[in-house]
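Inspection log for the structure reproduced underneath, given as structure tokens.
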Amino acid sequence: MKRILINATQEEEVRVAMVDGQQLYNLDIETPGKEQKKANIYKGKITRVEPSLEAAFVDYGAERHGFLPMKEIARSYFPAGYTFKGRPSIKEVLKEGQEVVIQIEKEERGQKGAALTTFISLAGSYLVLMPNNPRAGGISRQIEGEERTELKDTMRNIHLPKGMGVIVRTAGVGKSEEELAWDLQVLVKLWEAIQEVASERPAPFLIHQESDVIIRAIRDHLRPHIGEIVIDEKEAYERAVQHLKHVRPDFVNKIKLYEDKVVPLFNRFQIEGQIESAFQREVRLPS
């Protein structure tokens, strides 16, 4: 059986191993450091509209308020019946006290607050979904020639919900229609979950944290052929369960909490020695 094993008991690192039976075939190690906010999604509140800058300032829970320029405001925030004729004024679009769902484009630096956008981007394994930007989308510029043509043909067969845009990442090259459709389905479910969470309480608060290694591991590796996801830390386990309840509720039963305090998770599946061998400078080959 293929499994995702997540070792999260040590504060200094989180390890994600992909195993087939007791054979290790992929390992990711992340060392938690300074909190990264780029690409995180928040519910914020407009604190000031500044016509001279054609921008608004947003309280999203950080020390400094973020900067939201007019060009980063999605059409869904414009008043009903807006004509979109001529150049819109930010005072016609946003009001102080109004709540908005924003994503961090650039982290705060020095005395400058973070640069924000309401055009959300959700990265999957092979695709990037822009759920409120139908004009955006296409194929990564790094993909050229026949591969680009093949991907265009494949994407024509995949249903994209109205009002959304999608970009195919370089990792999407060579992937089947089923694999790309799976990735899109997960991202659409994630967006629906973000909208649901955003509606549940007032701003400001964090809705979605992009840099969570466990959520990223599920995003990048969970496929129908994976039999189990085994996690050895309760808080990480509960976070993964909550995430899957939103994006793939049919897979929640695949998550298991490993509770053996005597034998560590990676020892149980006999991969600790394989990891140590992989990091040795010299490896003895069988004669």
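Would you check if there is a residue in the stretch 88-97 being free of Cβ contacts under 8 Å to residues at least 40 places away in the same chain and closer than 29 Å to ILE218 by Cα? Within the stretch 88-97, not a single residue is free of Cβ contacts under 8 Å to residues at least 40 places away in the same chain and closer than 29 Å to ILE218 by Cα.
Would you call GLU72 closer than 20 Å to GLY86 by Cβ and of a type in the set (Asp, Glu)? Yes; evaluated as a whole, the condition is true for this residue.
Every condition in (1) surrounded by 12 or more Cβ atoms within 10 Å (Cβ to Cβ); (2) out of contact with any Asp or Glu (no Cβ under 8 Å at 6 or more places or on another chain); (3) part of a helix (DSSP H, G or I) is met by GLN270 except one, and the failing one is (3). Sub-6 Å Cβ pairs linking a first residue in the stretch 172-183 that is assigned by TED's automatic domain parsing to the domain that holds ILE139 to a second residue that is among the aromatic types (Phe, Trp, Tyr), at least 6 apart or interchain, are GLY172/TYR126; LYS175/TYR126; LEU180/TYR126; ASP183/TYR126, ordered by first then second residue.
Out of the stretch 19-52, which residues are surrounded by fewer than 19 Cβ atoms within 10 Å (Cβ to Cβ) and touching a helix residue (DSSP H, G or I) at 6+ places or on another chain (Cβ under 6 Å)? Within the stretch 19-52, GLU30, PRO51 meet the criteria.
Against the condition touching a strand residue (DSSP E or B) at 6+ places or on another chain (Cβ under 8 Å), modelled with pLDDT under 95 and within 25 Å of TYR258 (Cα to Cα), how does GLU30 come out, does it pass? So GLU30 fits the description; yes.
Evaluate the stretch 169-179: report whether one residue or more is at pLDDT 95 or above and within 17 Å of the chain's Cα centre (by Cα). No: the stretch 169-179 contains no residue that is at pLDDT 95 or above and within 17 Å of the chain's Cα centre (by Cα).
Taking the stated definitions as given, is GLN98 farther than 30 Å from VAL263 by Cβ and at pLDDT 95 or above? Answer is yes for this residue. Considering the conditions (1) loosely packed, with under 11 Cβ neighbours inside 10 Å; (2) within 30 Å of VAL247 (Cα to Cα), SER121 is excluded by exactly one of them, (1).
The values are calculated or read from the model by the stated rules, or taken from the named source; none is laboratory data. If you're wondering where the values come from, they're calculated on a predicted model, not measured in any experiment. Counting neighbours? That spans all protein chains shown, and the Cβs are built from the backbone with ideal geometry, glycine included.
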